[in-house]
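Shown next, in structure tokens, is the structure this report addresses.
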Amino acid sequence: MDRPLGTKHPKHGWEYPVNYGYIPGTVSGNGEELDAYVLGPDVLLDEFTGRCIAIIHRTNDNDDKLVVVPDGLDLDDKTIEHETAFQEQWFEHIIIRE
């Protein structure tokens, strides 16, 4: 994980309440690797393999985020919004499902 649970944002100083990282070998709209929120595990993770259940598509920014969870876990949009609000509150976005 690039920004594991409990670590501080390098620029803004707030703490990550969930594990957050990037998917190696991918490229997002901003030219960097595609970022992902890992929701469900409430322990510090170095890496994680899970299932993507949604994409947070930012309509005013070109840096979409994946929502990844452990197999067997499903979250509704309201829970995803709540868990990612620490960062997504600053961006207009929609949640895209299959």
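The values are calculated or read from the model by the stated rules, or taken from the named source; none is laboratory data. Note that the structure is a prediction, hence the values are computed from the model and not measured. Glycine also receives a Cβ, built like all others from the backbone with ideal geometry; neighbour counts cover every protein chain displayed.
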Lone qualifier among Asn30, Asn60, Asn19 - being among the polar types (S, T, N, Q), more than 15 Å from Met1 (Cβ to Cβ) and touching a Phe, Trp or Tyr at 6+ places or on another chain (Cβ under 8 Å): Asn60
Restricting attention to segment 1-22, the residues that are within 16 Å of Val68 (Cα to Cα), modelled with pLDDT under 90 and in a loop (DSSP other than H, G, I, E, B) number exactly 4
Looking at the structure I just gave you, is Gly25 of a type outside the set (Ser, Thr, Tyr) and either surrounded by 11 or more Cβ atoms within 10 Å (Cβ to Cβ) or touching a Cys at 6+ places or on another chain (Cβ under 9 Å) (or both)? no
What tally of residues in segment 64-86 results from selecting those that are in contact (Cβ under 8 Å) with a residue 40 or more places away in the chain and in contact with a strand residue (DSSP E or B) (Cβ under 8 Å, 6 or more places away or on another chain)? 4
Among the residues of segment 23-44, which ones are in a loop (DSSP other than H, G, I, E, B) and either within 18 Å of Glu88 (Cβ to Cβ) or aliphatic (A, V, I, L, M) (or both)? Ile23, Val27, Ser28, Gly29, Asn30, Glu32, Leu34, Leu39, Gly40, Val43, Leu44
Given the conditions (1) small (Gly, Ala, Ser); (2) in contact with a strand residue (DSSP E or B) (Cβ under 8 Å, 6 or more places away or on another chain); (3) modelled with pLDDT under 95, report the number of the one that Gly40 does not fulfil. (3)
